[in-house]
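Quick notes on the structure that follows.
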């Protein structure tokens, strides 16, 4: 059975929604009297969410422009190195992490802060490393050069 068929719901947006649900639940039902403080957390949270959405959107547009898949379990038709991919090899995942961190701040979910590194770890182990291995096998020298020029995250 192929990897695609075994894990149809093992996708980054599903993990993001799960982490957001945990953060919201913590903020709503278990605040424990903790808070990030006044307005600055709302402002920073909104900026992070907006920045994350913008980053992911720029990456998706660039991948569509290059006519390759955004699905993490599918093989890429091209090695995208232009646009936002000239700054980060994983801008959609960076955007997802920013969105999670932003909502945690906005919702005052102080105890949910550990979800950010946990989510980053999940993304790296379940998606980034397997994707990079496929790209390394398919694009060999080009991918090696790309890795030398552009960092994995930022």
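The values are calculated or read from the model by the stated rules, or taken from the named source; none is laboratory data. Quantities reported herein were computed from a predicted structural model and do not represent experimental measurements. Note that we place each Cβ from the backbone using ideal geometry, even for glycine, and neighbour counts take in every protein chain shown.
Structure notes:
- Residue match in the range 50-58 (condition: over 30 Å from residue 110 (Cβ atoms), surrounded by 12 or more Cβ atoms within 10 Å (Cβ to Cβ) and modelled with pLDDT of 95 or more): yes
Yes/no per residue for (1) under 20 Å from residue 134 (Cα atoms); (2) modelled with pLDDT of 95 or more; (3) in contact with a helix residue (DSSP H, G or I) (Cβ under 6 Å, 6 or more places away or on another chain); (4) buried (at least 21 other Cβ atoms within 10 Å of the Cβ):
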| position | (1), (2), (3), (4) |
| --- | --- |
| 67 | yes, yes, no, no |
| 73 | yes, no, yes, no |
| 84 | no, yes, yes, yes |
| 105 | no, yes, yes, yes |
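- With respect to (1) buried (at least 16 other Cβ atoms within 10 Å of the Cβ); (2) over 19 Å from residue 13 (Cα atoms), the lone exception for residue 92 is condition (2).
- Any hit, the range 110-122, residues being touching a residue at least 60 places away in the same chain (Cβ under 8 Å) and either over 30 Å from residue 43 (Cα atoms) or loosely packed, with under 12 Cβ neighbours inside 10 Å (or both): no
- Test: residue 100 is modelled with pLDDT under 95 and within 19 Å of residue 114 (Cβ to Cβ): no
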